[in-house]
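Undergrad: Let me give you the structure first, and then I'll get to my questions.
The values are calculated or read from the model by the stated rules, or taken from the named source; none is laboratory data. These numbers were taken from a predicted model, which means no experiment stands behind them. Cβ placement follows ideal geometry from the backbone for every residue including glycine, while neighbour counts extend to all protein chains displayed. Surface accessibility is based on the protein's heavy atoms, side chains included, excluding ligands, DNA and RNA. Shrake-Rupley method; radii C 1.70, N 1.55, O 1.52, S 1.80 Å.
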Amino acid sequence: MTMDPVCRQIRVDILDASRESGHGHIPTCFSIVEMAYASYQVMRHDPKNPAWNERDIFILSKGHASLGLYCVLARLGYFAIERVKTFGAFMSDFGCHPDRLKVPGVEVSTGSLGHGIGVGVGMALAFKISKSPRRVFCLIGDGEANEGSVWEAVMVAVDRKLSNLTILYDSNASQMRCMHLAAPAGRFKAFGCDTVEVDGHDAGALAKALKAASDRPRVLVADTKKGFGCKTLVENVYEWHRRSPTEQEHKMLLAELNAQTI
Amino acid sequence: MRKQFKATVSELAAKDDKLVLILGDISVYLFNDFKQKHPDRFYNMGICENTLISAAAGLSSQGFFPFVHTIAPFITERSFEQIKDDMCYNQFGGNIVSIGGSFDYAWDGATHHCYTDLGILRMLPGMEVLQPGSAKEVDILVRKLYRNGKPTYFRLSDNPHAIDVPCEFGKGVVLKEGRSGLTVMTAGPLLGNVLEACRDLDVNLVYFHAIKPIDKDVILKFKDSEILVVHDAWGLYEAVCSIGNLSASYHGIPQDQFCTWYGKVADVRKMIGLDPASIREIVSHKIRSGPQAAK
């Protein structure tokens, strides 16, 4: 299997924007590319009309992966990729955490971890009350799942049978040096979610899993790697957690990315 | 006040299918009728205050007008960041209606006391902060504000004052004017004690239903007088002082100390000098001592 070419291009965009701006959480952005891209493949949305009132909702609860989301939205046609290269700069619309009032397609301004599912619960409830077929997709990090508010919101979602809410769990072992949650699928199952485990870098498998209907909140525990696509990033996650590549490193990472086969 | 809140919200819900009620397992029996009439808009969601606020923000984002109702310290102090981020920063409005502010649950101890709510919420951009003191004020303010799309905090009490005060959103009320050069300012249910203390004293008395927006005009009217804020919470004094260049002082919550006495609200108020006799003594002393005494 080879990397989806659009997802490869999104990674190139991330590297370019990080290099140009001097900012970036590159490894975590690379971790979510297929999840975010696959979500938009199954969602009802219109890049030319981001406020379309029949659209599905995507929430990036782990807001520090905003550069990944911006590059996905740009490739989908929400805005030009050139705008993203102002990432993190004074007066830029594209911050290191996303602002829904500045960036078309961003539904919830996030940053502090543990908020996305709770807001998604309210949105999903609104769609149930309105008898609308609209769905909510919420991407959270495994480190984020250290927050109690994640599990509080999951309990409410299950109690209210919010079958229109899908949680994508970025299982990239980010908390190995802290509080790693082993066997996350078992935890979500124990909370009452319809839970499946999936390769988080297989866009096709993700899309198939995202399309499946359920009578309960659905959780995709996505097996991912921080920095997926670049050997250097995968092997040096902590060093690269929040840094921008030099010109030489940028060339090296692009070369690694282009050589990558899965 | 809680019964009035129920009556007002029930009446509004009958005509407004975008009104949704979210309870944190409080006042549940009170809202039985609401639950029967609007089962798809009644959620006793659980003892999970963070999610109550986040979910209300999500509902608001999709055009609903949520009311979140539970006990004051848990929905404000515990959920401050959800109110800040999910409601205020995201501009997803909603109505937060608390019960048990200040020392209404005196007998439950300091975990259940709540006197920072008004002060911390007034600092959040876009937030409206209301402290109605009677059932009438609850009715008028809820009807006026619940659908304006802003994050709005209504702090209710089971110990309302019994004074019929004019109520218009954002307008302070001058209840009496004197010649001593001292102006007493207060808000919410404590007006009962303050008015009893000051009824025959030669002072100006100003009452607020709203901590934010604060009525700047009525404060400016008395800017040349000595101002004494008498209040059973933080927030009003800071709001008054935001006008600047005032000579103002505060009497109420003790500095840097928990109020760890049990009993009833009247017991704690007396302990910290907010019973009518103590307020009267302090106000009388300031009148006798002249303007400098208030500093």
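Undergrad: I'd like the Karplus ³J(HN,Hα) series for the stretch A:171-177: coefficients 6.51, -1.76, 1.60, θ = phi - 60°, whole numbers in Hz, and an x wherever there's a Gly or Pro.
TA: Karplus values, whole Hz, x for Gly and Pro: 8, 10, 6, 6, 10, 4, 8.
Undergrad: While we're looking at this one, here's another question. Among bridges DSSP assigns within the protein assembly as shown, what percent are antiparallel (round to 5)? Please report the intermediate quantities before stating the final value.
TA: Numbers: 6 of 63 bridges.
Roughly 10 percent of the beta bridges in the protein assembly as shown run antiparallel, per DSSP.
Undergrad: Expressed as a whole number of Å, what is the distance separating the alpha-carbon centroids of the stretch A:150-193 and the stretch B:176-234?
TA: Each part's Cα centre sits 51 Å from the other's.
Undergrad: Given R₀ = 60 Å, what would the calculated FRET efficiency be for A:K48 paired with B:Q255, taking r from the Cβ atoms and rounding to 0.05? Mind showing how you got there, number by number?
TA: Details: r = 58 Å, r/R0 = 0.97.
The pair A:K48/B:Q255 has a calculated efficiency of 0.55.
Undergrad: Using modelled amide H (1.01 Å from N, peptide plane; none on Pro or chain starts), what sits under 5 Å from the amide H of B:K212, excluding residues fewer than 5 places away?
TA: B:V129
Undergrad: Rank B:S98, B:P125, B:T111 by how far each Cα sits towards the positive end of the charge dipole of chain B (+1 on Lys, Arg Cβ; -1 on Asp, Glu Cβ) and give me just the farthest.
TA: Most positive-ward Cα: B:P125.
Undergrad: Under 11 Å from the Cβ of A:A209, count the other residues' Cβ atoms, weight Lys and Arg +1, Asp and Glu -1, and hand me the total. Walk me through the intermediate numbers first.
TA: Working: positive: A:K208, A:K211, A:R218; negative: A:D194, A:E197, A:D199, A:D202.
Net charge in that neighbourhood comes out at -1.
Undergrad: For the interface of B with A, what's the total buried accessible surface in square angstrom, probe 1.4 angstrom, rounded to the nearest hundred? Please report the intermediate quantities before stating the final value.
TA: Values: alone 12650 and 11290 Å², together 21800 Å².
That pair of chains buries around 2100 Å² in total.
Undergrad: So if a site counts as exposed when it's one of the GluC sites (Glu not before Pro), its DSSP state isn't H, G, I, E or B, and it has at most 15 other Cβ atoms within 10 Å, what's the longest stretch of chain B without one? Could the numbers behind the result be given before it?
TA: Details: sites that count: B:E168, B:E177.
Answer from the scan: B:1-167.
Undergrad: Return the Rg/Rh value of the stretch B:2-155, two decimal places, where both radii are evaluated on C-alpha atoms and Rh is the Kirkwood radius.
TA: Numbers: Rg = 14.1 Å, Rh = 15.2 Å.
Rounded to two decimals, Rg/Rh equals 0.93.
Undergrad: Just going by the charge dipole of the protein assembly as shown, with Lys and Arg at +1 and Asp and Glu at -1 on Cβ, which of B:P66, A:G200, A:L60 is farthest out on the positive end?
TA: Ranked along the dipole, the leading option is B:P66.
Undergrad: Assuming R0 = 25 Å, what is the FRET efficiency of B:D224 and B:E196, from their Cβ-Cβ distance, to the nearest 0.05? Present the calculation step by step, with values, prior to reporting the outcome.
TA: On the way: r = 27 Å, r/R0 = 1.08.
Efficiency computed from Cβ-Cβ geometry: 0.40.
Undergrad: As an exercise, use a Förster radius of 41 Å and the Cβ-Cβ distance of B:E81 and B:R288 to find the FRET efficiency, rounded to the nearest 0.05.
TA: 0.30
Undergrad: When DSSP assigns beta bridges and you keep just the ones with both residues in the stretch B:173-294, what percent turn out antiparallel, to the nearest 5?
TA: Taking every DSSP beta bridge with both residues in the stretch B:173-294, the antiparallel ones total about 20 percent.
Undergrad: Which whole-Hz ³J(HN,Hα) couplings does the stretch B:122-129 yield from phi under the Karplus relation 6.51 cos²θ - 1.76 cosθ + 1.60, θ = phi - 60°, glycine and proline marked x?
TA: 5, 7, 7, x, x, 7, 9, 10
Undergrad: To continue, here is another question. Starting from the Cα of A:K231, step 7 Å along the direction of its Cβ; do the same at A:Q248; then give the gap between the two resulting points in nm.
TA: Label-label distance for A:K231 and A:Q248, simple model: 1.8 nm.
Undergrad: Taking each residue of B:42-52 in turn, how many C-beta atoms of other protein chains fall within 10 Å of its C-beta, and what is the average?
TA: Details: counts 0, 5, 0, 6, 5, 1, 9, 2, 9, 16, 5.
What the average comes to for B:42-52 is 5.
Undergrad: Another question, then. Using only the C-alpha atoms of the protein assembly as shown, find the volume of their convex hull and express it per residue in Å³. List each step's numbers first, then the result.
TA: Values: hull volume 89.1 nm³, N = 557.
Taking only Cα atoms, the protein assembly as shown has a hull volume of 160 Å³ per residue.
Undergrad: Summing Lys, Arg as +1 and Asp, Glu as -1, what charge do residues with Cβ under 12 Å from the Cβ of A:K251 carry, A:K251 excluded?
TA: Working: positive: A:R19; negative: A:D16, A:E247, A:E249, A:E256.
Within the 12 Å Cβ shell, the charges total -3.
Undergrad: Now for a different question. Counting only other chains, what is the mean number of Cβ atoms within 10 angstrom of the Cβ of each residue in peptide A:123-132?
TA: On the way: counts 9, 4, 13, 11, 2, 1, 9, 6, 1, 1.
So the per-residue partner count for this stretch is 6.
Undergrad: As a test, work out the antiparallel percent of DSSP beta bridges whose residues both lie in the stretch B:2-155, rounded to the nearest 5.
TA: Values: 1 of 22 bridges.
Rounded to the nearest five, the antiparallel share is 5 percent.
Undergrad: About the Cα centre of chain A, how large is the charge dipole given +1 on each Lys and Arg Cβ and -1 on each Asp and Glu Cβ? Please answer in debye to the nearest 20.
TA: Working: 31 positive and 29 negative charges, 121 e Å.
About 580 debye.
Undergrad: Follow-up. What does the charge add up to near B:G58, with Lys and Arg as +1, Asp and Glu as -1, over the other residues with Cβ less than 13 Å from its Cβ? If you can, show how the numbers build up before the last one.
TA: On the way: positive: A:R100, A:K128, A:R134, A:R160; negative: A:E107, B:D85, B:D86.
Here the count lands on +1.
Undergrad: A further question follows. What full-extension length gain, to one decimal in nm, is calculated for B:K144 and B:N44 as 0.36 nm per residue of separation minus the Cα-Cα distance?
TA: Going from the current span to full extension adds 33.5 nm.
Undergrad: Turning to a different aspect of this structure: Between B:M185 and residues 5 or more places away or on another chain, which pairs have amide H atoms under 5 Å apart, with H built 1.01 Å from N, and which residues are they?
TA: B:V206, B:L228, B:V229, B:V230
Undergrad: Can you give me the accessible area per residue for chain B, using a 1.4 Å probe, in Å²? Numbers along the way, then the final one.
TA: Values: 11610 Å² over 295 residues.
Computed with neighbouring chains in place, this is 39 Å² per residue.
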